[in-house]
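Scroll down for the structure; my scribbles are underneath it.
Only the coordinates and a few stated rules stand behind these numbers; no lab work does. Values in this document were obtained by computation on a predicted structure and should not be read as measured data. Quick reminder, even Gly has a Cβ in these numbers, built from the backbone with ideal geometry, and neighbours come from all protein chains shown.
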Amino acid sequence: MKYKDYYQILGVNRDASAEDIKKAYRRLARKYHPDVSKEKEAEERFKEVGEAYDVLQDAKKREAYDRLGNQWQAGEQFTPPPGWQNETGFGGGAQVDPEAFSDFFSQLFGGGSPFRQQGHRRRSAASRGEDIHARLDISLEDAFGGATRELTLKGATHELKTLRVKIPKGVMSGQQIRLSGQGEPGIHGGPAGDLYIEVNYAPHPLFRVENKVDLYLTVPLTPWEAALGATLSVPTLGGSVDVKIPENIQSGKKLRLKGRGIPAKTPGDQYLVLEIMIPPAQNESARAFYQKMATELPFNPRQGWHA
């Protein structure tokens with residue numbers, strides 16, 4: 001009979017924590033599960049991984065196994081020391097199902113293992129599948145009005161699956177949408193994990209987002225609109241609205257459109273940041289017009305710089 005190195009089978013160190021062992025088992029069990037794996041000898045590897053986990057996840061079995069481990073290498077011929085099962089408390093009692101695990105396991109733990117009561121075979125306990133985390137970029141329009149989008153994911157078997165994801169109205173960048181049971185499949189009949197989708201806003205050609213729910217829009221103005229006032233049609237996520245620009249407004253001033261931001265639980269606002277654009281003096285006529293303004297509209301925006 002050949003010695004089995006259960007740590008090597010799971011790919012963990014001998015001082016691995018219980019959590020590390022559990023993670024390694026879940027990963028390998030998914031990889032070699034006969035229902036999904038296309039690997040050669042997947043069923044045999046699946047049983048081998050289950051056997052290793054059956055021993056290492058149980059503190060008493062692991063302690064007994066570790067007493068022998070330093071003296072043997074995987075694949076070497078091995079015979080348990082005389083009376084070993086009685087010493088460890090696993091000898092005698094119910095008989096092991098010969099198909100449960102390997103001969104090596106039966107020789108070590110085949111007697112009174114608490115996992116083999118009344119001659120019945122016990123497979124490793126059902127285990128919930130791992131959760132999956134994904135990211136989905138959406139438009140501000142999707143967040144404003146809600147939408148349904150498709151998301152393509154690669155599963156544990158490298159097969160692609162496409163899901164339709166409902167985007168709730170008012171979702172904020174960084175929030176997660178949970179799809180129950182859409183994660184990795186469970187092991188030994190356990191439930192599937194969940195899919196957590198982190199929503200992020202894609203860049204927008206007009207708006208920028210601040211404070212997660214407030215929208216900012218730069219509104220260019222001509223000098224005469226800023227000086228004389230005007231009524232402009234301004235875009236919002238809910239459609240264009242007419243906005244009155246006060247007389248003598250300056251660049252950098254902000255106007256607020258209440259409730260026109262992201263409609264979250266506490267709705268955001270939309271802010272209009274005004275920016276005066278100066279027509280270029282590209283010809284003699286334009287230069288003459290600016291010279292006339294300089295003469296007839298004396299104005300020093302730097303007044304007060306010097307005492």
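For the stretch 29-54, filtering for residues that are β-branched (Val, Ile, Thr) and surrounded by fewer than 21 Cβ atoms within 10 Å (Cβ to Cβ) leaves 1. Can Gly129 be described as closer than 30 Å to Lys23 by Cβ, in contact with a Pro (Cβ under 6 Å, 6 or more places away or on another chain) and either part of a loop (DSSP other than H, G, I, E, B) or among the aliphatic types (A, V, I, L, M) (or both)? Considered against the rule, which asks whether it is closer than 30 Å to Lys23 by Cβ, in contact with a Pro (Cβ under 6 Å, 6 or more places away or on another chain) and either part of a loop (DSSP other than H, G, I, E, B) or among the aliphatic types (A, V, I, L, M) (or both), Gly129 comes out as yes. Whenever a residue of the stretch 166-181 is in a strand (DSSP E or B), its partners that are basic (Lys, Arg), lying with C-beta atoms within less than 7 angstrom and at least six residues away or across chains, give the pairs Ile167/Arg149. For the stretch 49-59, state whether one or more residues are in contact with an Asp or Glu (Cβ under 7 Å, 6 or more places away or on another chain) and more than 15 Å from Phe104 (Cβ to Cβ). There is no residue in the stretch 49-59 that is in contact with an Asp or Glu (Cβ under 7 Å, 6 or more places away or on another chain) and more than 15 Å from Phe104 (Cβ to Cβ).
Residue-wise test of (1) surrounded by 10 or more Cβ atoms within 10 Å (Cβ to Cβ); (2) in a loop (DSSP other than H, G, I, E, B); (3) among the basic types (Lys, Arg).
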{"site": "Arg260", "(1), (2), (3)": "yes, yes, yes"}
{"site": "Lys265", "(1), (2), (3)": "no, yes, yes"}
{"site": "Leu272", "(1), (2), (3)": "yes, no, no"}
{"site": "Glu275", "(1), (2), (3)": "yes, no, no"}
{"site": "Ala281", "(1), (2), (3)": "yes, yes, no"}
{"site": "Ala288", "(1), (2), (3)": "yes, no, no"}
{"site": "Thr295", "(1), (2), (3)": "no, no, no"}
{"site": "Phe299", "(1), (2), (3)": "no, yes, no"}
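Restricting Val213, Val241, Val219, Val234 to residues that are β-branched (Val, Ile, Thr) and exposed (fewer than 15 other Cβ atoms within 10 Å of the Cβ) narrows the list to Val241. Taken over the stretch 1-21, residues that are closer than 12 Å to Gln57 by Cβ and touching a strand residue (DSSP E or B) at 6+ places or on another chain (Cβ under 8 Å) amount to 0.
Among the conditions (1) touching a Lys or Arg at 6+ places or on another chain (Cβ under 7 Å); (2) in contact (Cβ under 8 Å) with a residue 40 or more places away in the chain; (3) over 30 Å from Lys212 (Cα atoms), Ala281 misses just one, which is (2).
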